[in-house]
Amino acid sequence: MEGDDWGEMGNSVMDLTNPVIQLCMEGTRAEFEKRIDDARLLFEQAWEKSTDDYEACIAAHYVARYQAHPEDTLRWNQEALNRADAVGDERVKEFYPSLYLNLGRAYELLGNQIKAQEYYALAAKLGVVHQTE
């Protein structure tokens, strides 16, 4: 998915000692090391440990990456967006372009080009343009 590396975004507001964020960072490390099953498990653990909408937003964003079916990818990306909306403060502001791109891609994979373009347009309004492969 696009815009998935939140490690570069919002470090000034992210508490890198937060257990959910640590699990997501470990999961990302596992991804880079091509340990995909470990990454999936770490992201699922992050979801299970989330205690509020902020943590759930981050965890759902990563869980979405390893779904077997496009419908599930869409569901998890929508969950991440819903949780970001529920947080409603500056901590998630920088997440929105990535959330919108991921939802656009999920809709694209499901063949819904109209919804995909809606989300790509939302990301573009925030300064992130969808790049075609």
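Just so you know, all these numbers are worked out from the coordinates, no wet-lab data involved. Model, not experiment: these values are computed from the prediction. Virtual Cβ from ideal backbone geometry, glycine too; neighbours counted across all protein chains shown.
Please give the length that would be gained between Leu41 and Glu90 if that part of the chain were fully extended, namely 0.36 nm times their separation in residues minus their C-alpha to C-alpha distance (nm, one decimal).
Numbers: separation 49, 0.36 × 49 = 17.64 nm, distance 2.88 nm.
My answer for the length gained is 14.8 nm.
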Report summary line: For Ala124, placing the label point 7 angstrom along Cα-to-beta-carbon and taking region 67-86, residues whose amide nitrogen sits under 15 Å are none
Query raised in the report: In percent, how large is the relative contact order of the chain, given Cα pairs closer than 8 Å and 6 or more residues apart?
Result: 21
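Just to be sure I follow the rule: in region 12-133, considering lysines 8 or more places apart or on different chains, how many pairs have Cα atoms under 28 Å apart?
Working: Lys34/Lys49; Lys49/Lys93; Lys93/Lys115; Lys93/Lys125; Lys115/Lys125.
For region 12-133, qualifying lysine pairs total 5.
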Requested in this report: Measure nothing but the geometry: give the 0 to 90° angle between the long axis through the Cα atoms of 113-125 and the longest principal axis through the Cα atoms of the chain, rounded to 10°.
Outcome: 70
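What translational diffusion coefficient, to the nearest whole µm²/s, does the chain have by Stokes-Einstein, given a Kirkwood radius computed over alpha-carbon pairs, a temperature of 4 °C and 1.567 mPa s viscosity?
Working: Rh = 14.7 Å.
My calculation gives 88 µm²/s for D.
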Report task. At 7 Å along the Cα-to-beta-carbon direction for both Ile114 and Gln131, put a label point, then send me their distance in nm to one decimal. Result -> 3.0
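Defining a contact as two alpha carbons under 8 Å apart and six or more residues distant in sequence, what relative contact order in percent does region 72-133 show? Don't skip to the answer; put the middle values down first.
Values: 53 pairs, mean separation 18.2, N = 62.
Relative CO of region 72-133 lands at 29 percent.
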**Report entry** Estimated 222 nm signal from helices in the chain, with DSSP H stretches of n ≥ 4 weighted -39500 (n - 2.57), rounded to 500
**Finding:** -20500 deg cm²/dmol
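Run the numbers for Gln67 and Asp15: contour at 0.36 nm per residue of separation, minus the present Cα-Cα distance, in nm. Please list the in-between numbers first.
On the way: separation 52, 0.36 × 52 = 18.72 nm, distance 2.68 nm.
Roughly 16.0 nm would be gained on extension.
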Query raised in the report: Given Met25, Pro97, Ser50, which one lies farthest toward the positive end of the charge dipole of the chain, if we put +1 on the Cβ of every Lys and Arg and -1 on the Cβ of every Asp and Glu?
Result: Pro97
